[in-house]
1. Could you list, in sequence order, the residues of the range 109-156 that are without any contact (Cβ under 8 Å) to a residue 40 or more places away in the chain, over 18 Å from TRP5 (Cα atoms) and not charged (D, E, K, R)?
2. Mind checking which helices (runs of 4 or more DSSP H) fall wholly inside the range 72-156 and carry at least 1 residues that are within 16 Å of ligand 2 (Cβ to nearest atom) and surrounded by fewer than 17 Cβ atoms within 10 Å (Cβ to Cβ)?
3. How many of the residues making up the range 1-15 are without any contact (Cβ under 8 Å) to a residue 60 or more places away in the chain and either under 11 Å from LEU38 (Cβ atoms) or not charged (D, E, K, R) (or both)?
Amino acid sequence: MGQGWDVHRIVAGRPLILGGVAIPCEFGLEGHSDADVLSHAITDALLGALALGDIGMHFPDTDPKWRGADSLQFLRHASDLATAKGFSIVNVDSTVILERPKLKDYRLAIREKLAETLSLDLDRMSVKFKTAEKLGPVGEGRSAEAHAIAALCQRP
Ligand code: C5P
Ligand code: MG
């Protein structure tokens, strides 16, 4: 099992990318890469299951190479590390916490993109959405959070 969590600040003039999908919105997320908070949480869940450190260790946000990077490549890298260590991903579950916009209409597109990136069957890739009920920085519309958990099994 591996667990991952991430948070990014909401800012104007940046794209809102979740699980590799650009969500139409007047604001986006701040970050060195494309700030895909969901992909970052899932990447950390996979790295956690493998005990291979965290996303910042593999892709330092001080490295100009990752400026504006497509975070799906971080995810793909973590999945490749799992394969190299002899593991398969059993399933991934995740939750994005964002006050608005409503994300449920993008659920399938996000699941499809993540499943494709991880070479996973669609029914093994779950994405859930929650508001923070107007509480705290997420609820006040200042940030977006994501949580993820991944189960891996050793290939025979
Ligand atoms: O946070 P809350 O329990 O009120 O969310 C209710 C439902 O709204 C969630 O189960 C989810 O399907 C949807 N939702 C969404 N986009 C968000 C937050 C919640 O589609 N940003
Ligand atoms: Mg991040």
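Read the figures in this text as sums done on the coordinates, not as results from a lab. It should be emphasised that the depicted structure is a prediction, and the values quoted were computed from it without experimental measurement. Counting neighbours? That spans all protein chains shown, and the Cβs are built from the backbone with ideal geometry, glycine included.
1. Passing the criteria: ALA115, LEU120, LEU122, LEU135, PRO156.
2. Filter on the range 72-156 gives 72-84, 136-139.
3. Looking only at that region, the number is 4.
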